[in-house]
Structures are given as structure tokens and as C-alpha cells.
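The values are calculated or read from the model by the stated rules, or taken from the named source; none is laboratory data. What you see is a predicted model; the values in this text were computed from it and never measured. With ideal geometry, Cβ positions are generated from the backbone for all residues, glycine too; neighbour counts draw on all protein chains shown.
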Amino acid sequence: MSSAVVSTSAAHGRPFVFDVEDVAEVCPQPSAAELAEARPPQRVFYASTDARLASVTPASRLAVRPAPEMVSSGIAAMDVLTGGLPRGCLTEICGPASSGRTTLLLAALAAATGRGECCAVVDASDALDPQSAAAAGVELSRLLWVRCGENSPEKSLEQLLRATDLLLESGGFGLIALDLGDLPPQAARRIPLTTWFRYRRAVEHTPTVLLAIERQSIAGSCSSLLIKMGSQRTEIKKSADSQFLVPTHTQLLIELEITAELVRSRQERKPVRSTEIMFTSKTAWAG
Amino acid sequence: MPFACIFVPNFPVAAVLRAEPELRAQAVAIFEGKPPLEKVFAANESAGRVGIAPGMTKAQAELCSELTLRPRSRLQETSAHAALLDCAQSFSPRVEDAALDTALIDLAGMESLFGSLPEIVHAMSQRIASLGLEANIAVASNPDAAVLAARGFSGVTVIPQGKESESLGSLPVEVLFAGWVEGERAGKKKEDELKKTSERLVATLERWGIRTLHALAALPEVALSERLGQEGLRLQQLSRGAAFRTLVPVEMPAVFEEAVELEFPIVLLEPLAFLLNRLLEQICARLASRALNTQELRLTLELENFSSCNQQSEINHQQFCRTLRLPLPMLDPKLFLKLLQLDLSANPPGAPILKIHLTAEPARPRSSQGGLFLPPSPEPEKLELTLARIASLVGESRVGSLELLDTYRAEGFRMKRFVPGAYPDGAVLETTRQKAAAEEKSAVAALRMFRPPLRATVTLENGEPARVICSKKKEVQGTVLWKAGPWRSSGDWWEREAWARDEWDIALQTADGAALYRLMHDLLGGGWFVEGTYD
């Protein structure tokens, strides 16, 4: 007969189950009288006396959750920082306008369609630029674009959530991106946390990368990877590299410097502290 | 050389029961004729038990409360006949369309494909039942013996070679004339002629005391020939099961149509879905029996007349057509029903429906080879349904894949149907090779569009934007920190939709730092717009 002790680890927020034999010296077997006096049992339960533990699996028999497969994000520096984008997990990319969120999204889409996968972009504000997507190398025939947001932000959010549900239910997509980048944080926070939990459960054990682009992190602990994008030091290069004032028509926006910070990662290679990288993105006409 | 015959007894009733299977347990009678002279044309066994017989007036039949009366439907009979031929065709390419209710099949060489004769007959019986028809099936060494056995014996009959006379002997002589009228499918005049001849012959045989085929077969040939002529001899050959003729195979067109006429018009989509489901199941069963799929479904609804004073518009509005085009050949009635439902809820007919006509364009089933190392891709059936559902959510034109147009116009793209193609062979290796090169390539700065572009008030200094105010988006305003431009472009000047514009890339101060926007000056319309943001 197996007996087990259950304790709750506050640090990790999940119950652990130990075999009683393993913790005998910590927790010696009490007598019948002691058992009768023990009211109510606190934190320590004996399976032999409590039928509730019959369904509890000892930790020694628990299967270890396999680490998710990581796929390339399309930007080498980002892959070094995060190890790639995890399949079967929710990844959040947040940051303000002009912080490089869409650049990262298009790079990930280009990498996924390059692998031959079908991708979907559920666009809350109808903001995707096809020319940019083509310039980033996205294979457009493998990209499904769902354009929400014809009416109001509320309607658009509702459409986005239902369309995402349908796409996750359909399955078979390599990457599903939710573009909430232009929605005000107040509107984006209206998405209930239960929806994000549902998405996380729906995408779990599937080869789909679920990506959300937003201004601020809104999925809480549902996201396995949280990347904060920023442009703390915006440097715009000019085509004519001159120290003198040049006329505006001779200037061209050719490069943006983007910083990315790894805020949270559930992977084994969890960093001790947040790490930050910097990479540049060139405009389509910069060559 | 064995021949099989599939005979559907009481065909008009069977055709109605195929369309309304819930009536199988009830007493059903079919009437035809012009009101108020409608007469019962056919009735099933249950109706016969409660005293309903062909020839009764409709008013008489209506006195029976248990009886369900249905008008004769030529459309349903045609569909049932096509289903019968489809079933026959699924076993052999040599099929004779003997009558509306009878199909003859040449089974020569079919044993190697389908097994022994009893196995073939059993499979036929299952196949015809799956098409919604109850039929008698008989196998004999010649076509006429097979027809007589199918018409005379209910269920499945296999007559061994040489035992035809013995097996058919117990059948009444009327069975010889049963298929005459239907079999000829001639004009009304010839039909009456044949009817009279058969009645005369039956009466003569009755007078002689000849009631079974056995008795007819035993008559002396010369004496029979003297009294009834060549027709008598032919009937005797038939009754002996010794007549032989060549099968006349038909080339059947691959037309898959099902239709239903309604007694009362349908107004709501929900009851329509029930009927569509039935039609789709029938049409899919027929396609499956011919090992075919479909890539296009055409739904034609005949609507109740509009009270329109314009004669032309009245004609135009009588029919409502919807076509469902699928990216790949499919055969799933539930999927088709859901797609049609979504389509009809997005485009309702707008008037009560009187008649439903459904046609499927046949296509060869798709064949695809799966691979262990191929990337994941959505199942076509599931994807189609998902796309239809999303289209009903956001609009048909707002979901799909992108196609860039050969133009410099700002929104130079169009949406098209999302059909993920098959992953090309060898592409995995190619991708691996290109992977390193792609990763080394720097990211491309993306533009996020504002659709429609945001109208802005721009203050100019020396002809260059110095300050931008956008009333619709409060964060897009402030002093221009940096600017590049103008980038002038124009096009389509030979058309009405000519365009000419100056583009500026500007940086504006925001709470989080600086944000980069694309500012556009419409040279023809004369306005400033914020087109998007670099992100």
C-alpha cells in the first residue's frame, strides 16, 4: 500500500507529493491515538487514513513535462536571447509604438512560412502592411490574414477573440499571431484572464506558436515567454553621412535600432536576471 | 454469364420515402391529377392494409386519418432513378437502364473484384439501402430471368444456372407483363396500346387456367404459337427462363442532382437546413458509390413570387442561386451543410422557398502522400469550415491571403482565398540551406498601417512639416524631431483614380520616447494624412 505526504510549495505555487518512505525521518508514523487527536490535519495527510489522497500520484511517478520545441524567431540576436519561440506556448511581445514589435512579428512569420508552415495573423486594428510583409520575406500564400476592426475597438476585440478560438480549434497552423499592437492598454486589458488560460490550454501539446503583440503585457502568467521591446536610444541614420546639415529630401530612413529585453521565460535556461539585446532593422529600400 | 437485376417495387412511393425516410413506418399514398380530380396513384403496403388502393379519389383517401398523402413528384422519381443507376454503375460499367424502377447489370468478370455472386448481391443490397431505396435483387444467367425474379421475389434471389425454369415456375403470369408499360417509356398512345395487349393476353391465359409461369412453360409450343402467335412463344421462353437477349448498356452522364418540391413554402433557415442535410446525404452517397468527390455545389432555390409590378423583376427574383466552391475535392455532407448554412445566413434568400435544387459537380478524389518530416498544415475540411466561420464573423472580403498588385499605389494588394498549397518536394533541404543565410540577413523595419489614414493638421516651416496634430489619435501629435522627404510618387494618371503624393518619414516625441510615422501629402486632393507607423 502506498502512502504519501502532500505539501504545498508556496515558492513554486504547485503541490508536490512525496513518498512517505522517503520522508520517514522527517515525519515519523504516528500512533492511532495521535491520529485521532490530530484535528484538523494541516498540510500533512496520510493516504492510509484519508481517502482523498487515493487519486494523488506520488511525485516519483509524475511525468516530467517535456521542454517545448523552440523555433527560430527569424532574428539571430533574438534567438540567442530567448532560445527561439516555444511551440505550444503563448509568447508575448510588448512595447510602445516604433519599438520593433511588428518587425519581430514579420521576421517570425517569414521564418515560419520559410519552413513551409501555414501562419495566421489576427489583426485587431487592420494594421498589417503587405509590402512590409513581402519585404520581410513572408511567403504571402501561406499567410492567413484576418482583418478585424472595421467598426469599434470593442467589436474588433470580440472578433479577434472568436477568430483566434476558431483558428486554434482548427489546428495545423505553425504560428498564430494576435496583433493587439494598436489597441489602447485599457481596451486590451478587457480580455479576461480566463481567455488567455483557454488559449494556453488550446495551444498546449500542439506545434503552434501563439504570439501576441501588445503595448503592455496582459496575459499574466499564461505567457511562457515575455519580451519587452523598446527604442530607448532611437538613432536614425541618414543616407548622406555628413556632419553638416543636409536637406531633408536627401535623407532616408534606412535603419532603426531596437532593444529587446527578456522579461520572463519558462524555459530551463531561465536567466538569473533580465537580459537585453540590441539589433537593427533596415527599411525595405535600404537594400 | 451472370446478370443482376435491381428492381425497386412501388417506385413512386419509394422515391417519396427516399426523400422523407421518417414516413417509412406510416401508411403513405401518392396522388396525381389536377384538382379536384386527384386520384391515388400508388400506395405502400401499410396503406393497402387500411384499405387504400390506386384509383381512389383523394377525397376518399383523406377519410383515412392514419394515411399520409403526398403528390407525385417527378423530380424525386428522377433523383431516385439516378441513384439506382449510380448503385448499378458502382458494380459494373455495363448497366442497362431497363425501366424507371429497374436496372440490369452485367456481372461477367466481377467475381474477381467483389467475390462470389451471393457476396456481390449482398453488397448491392447494402449499397442500395445506403442510397435510401428498398429493392429486390436477383441474379440469373440471362437478363430476362433476372428481371422476372427481381419483380417476382422480394429480397435477394440467386438463381443457379440451369435452374431458371424451376425457380421462376411459381411466379404468377402477371409478372411477365409488369414491366411492359414502364419499360417502353413511349408516348401515351403506345402506352395504352401495350396496356390493352397485356390485359388481353392475361385474360386469355386466365381463361385457359394458366396462372403460373410453370403452367405456361409446360404448354405445347406449336399449339401456343397457333393461338397466340410469336408473342405467345416469346412469353413461354421467358417463363422457362430460356430467353436470351443482348444487354444494351447505357453511358450515364456524371450528373448529380437532387431536388425537393415543398407543399408549403419554407420561410426560416432552420427547417431548410433539415432538407438540405437530407439532399446532401443523398448526393454524397451517390458520389461515394461512384468513388467521386465534389468541388462545387450549386444550390438553386425557387422562391415564392414577388408581388412586383415589373414583370422582368418578377422573373429575376424567382430563382435564388448560391454556388459553393471548394479549394479541394471533398465529400463530407456535414461540412457542406455547415458551409451552406453559413453562406445562407450571410446571404438569405429573401422570400419563402418552394423548391430546392442541389447539384454537385463531380471531381476525382484528391490523393496526397503524407510525410513524417513535412511541416504541419491545417486539414482542408476543417480549414474550409474555419474560414467560412471567420468570414461570417468579420466579413467575406476581410479574411484570406494576400496578393500584391503590380502598382506603386499605397494599398497595392488584394485579398484572395486562402489555399495553402502542398509543400514542394525537396523544399525541406532547400530551407535548411537557406536558413543560415536568412538568419544572417538583418530584419526589415515594418510599417503598421492606419486604415483609413488619419487626417492630420500639419504646420509647415520652409515647406517642411514642423508640427503635426492628429485629432483622431492623440498620441500622434507634437513637434517633428526629425524628418526625411519628400518622396514624390504618382500614378494611374490616365484613369479616373489618379494619385499623386509626397511621403515624409517623421519622428514625433511621445511619452515612451520617439515614434516614427509616415506622413503623406495628397497632391491631388490637398490634404495631409498619417499613413502608418514604423514599428
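Results, tabulated for the structure shown:
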| item | result |
| --- | --- |
| Test: residue in region A:152-162 that is at the interface with chain B (Cβ under 7 Å from one of its Cβ atoms) and under 27 Å from B:Glu531 (Cβ atoms) | yes |
| Condition met for B:Ala61 (in a helix (DSSP H, G or I), over 23 Å from B:Ala129 (Cα atoms), in contact (Cβ under 8 Å) with a residue 12 or more places away in the chain and small (Gly, Ala, Ser)) | yes |
| Sole exception among (1) within 12 Å of chain A (Cβ to nearest Cβ); (2) in contact (Cβ under 8 Å) with a residue 12 or more places away in the chain; (3) farther than 23 Å from B:Val444 by Cα; (4) among the polar types (S, T, N, Q) for B:Asn462, by number | (2) |
| B:Ala391 vs. criteria modelled with pLDDT under 90 and facing chain A (nearest Cβ under 10 Å) | no |
| Counted residues, region A:167-215 - those being within 12 Å of chain B (Cβ to nearest Cβ) and within 30 Å of B:Leu374 (Cα to Cα) | 16 |
| Residue identified as under 28 Å from the mean Cα position of the chain (by Cα) and of a type in the set (Asp, Glu) among B:Glu38, B:Glu22 | B:Glu22 |
| Out of B:Pro486, B:Pro453, sole residue that is at negative phi, within 10 Å of chain A (Cβ to nearest Cβ) and not aliphatic (A, V, I, L, M) | B:Pro486 |
| Answer residue from region A:82-121, given it is on the phi > 0 side of the Ramachandran plot and buried (at least 24 other Cβ atoms within 10 Å of the Cβ) and is farthest from the other protein chains (Cβ to nearest Cβ) among those | A:Gly95 |
| Test: residue in region B:343-363 that is within 7 Å of another protein chain (Cβ to nearest Cβ) and at pLDDT below 90 | no |
| Residue ID - surrounded by the most Cβ atoms within 10 Å (Cβ to Cβ), chosen from residues in region B:162-198 that are touching a strand residue (DSSP E or B) at 6+ places or on another chain (Cβ under 8 Å) and at pLDDT 85 or above | B:Glu164 |
| Total residues in region B:492-511, condition more than 19 Å from B:Leu454 (Cβ to Cβ), at pLDDT below 90 and either surrounded by 15 or more Cβ atoms within 10 Å (Cβ to Cβ) or over 55 Å from the mean Cα position of the chain (by Cα) (or both) | 0 |
| Verdict on B:Val267 being exposed (fewer than 15 other Cβ atoms within 10 Å of the Cβ) and touching a residue at least 24 places away in the same chain (Cβ under 8 Å) | yes |
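Quick grid of which residues meet (1) crowded, with 20+ Cβ neighbours inside 10 Å; (2) at pLDDT 90 or above:
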position: A:Asp129; (1), (2): yes, yes
position: A:Ala136; (1), (2): yes, yes
position: A:Ser141; (1), (2): no, yes
position: A:Leu175; (1), (2): yes, yes
position: A:Arg200; (1), (2): no, yes
position: A:Thr206; (1), (2): no, yes
position: A:Leu210; (1), (2): yes, yes
position: A:Ser221; (1), (2): no, no
position: A:Ser224; (1), (2): yes, yes
